[in-house]
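Heads up: the structure comes next, in structure tokens.
The values are calculated or read from the model by the stated rules, or taken from the named source; none is laboratory data. These numbers come from a predicted model, not from an experiment. So basically every Cβ, Gly included, is an ideal-geometry build from the backbone, and we count neighbours across all protein chains shown. Note: areas computed on protein heavy atoms with side chains; ligands, DNA, RNA excluded. Shrake-Rupley method; radii C 1.70, N 1.55, O 1.52, S 1.80 Å.
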Amino acid sequence: MSQLYSIYRARNIALARSLVLKFDADIEGTNLLLEQMGVNQGDNETQWKYYKNLAGEYGPLDKPMVVVSSD
């Protein structure tokens, strides 16, 4: 493989790994489950668990993550 092709391939793989695809069935399923648990997320999509998790934020019922450092 040529050096330019290797760079091209590596950059495309990095791009593909950074993509996030919206999956409507997952959004609807998550909202339905939360409704059944008594959590009302309202009509503001920015507050929905699915979108908060995509943004790296905690949604309703998420437990804060604790990372123990070894250094």
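Only lysines eight or more places from Lys22 in sequence, or on another chain, were considered; those with a Cα closer than 21 Å are Lys49, Lys52.
Placing pseudo-labels 7 Å out from each Cα toward the beta carbon at Met65 and Ser2 gives an inter-label distance of 4.1 nm. Spin-label model, Tyr58 to Glu45: label points 7 Å out along the Cα-to-beta-carbon direction sit 2.6 nm apart.
For the chain, carbon and sulfur atoms together expose 57% of the accessible surface, with a 1.4 angstrom probe and every protein chain in place.
Mind checking the per residue accessible area of the chain for me, 1.4 Å probe, whole number of Å²?
89
Could you state the angle between the C-alpha long axis of helix 3-18 and the longest principal axis of the C-alpha atoms of the chain, as a value from 0 to 90 degrees rounded to the nearest 10? Helix 3-18 sits roughly 0 degrees off the main axis of the chain.
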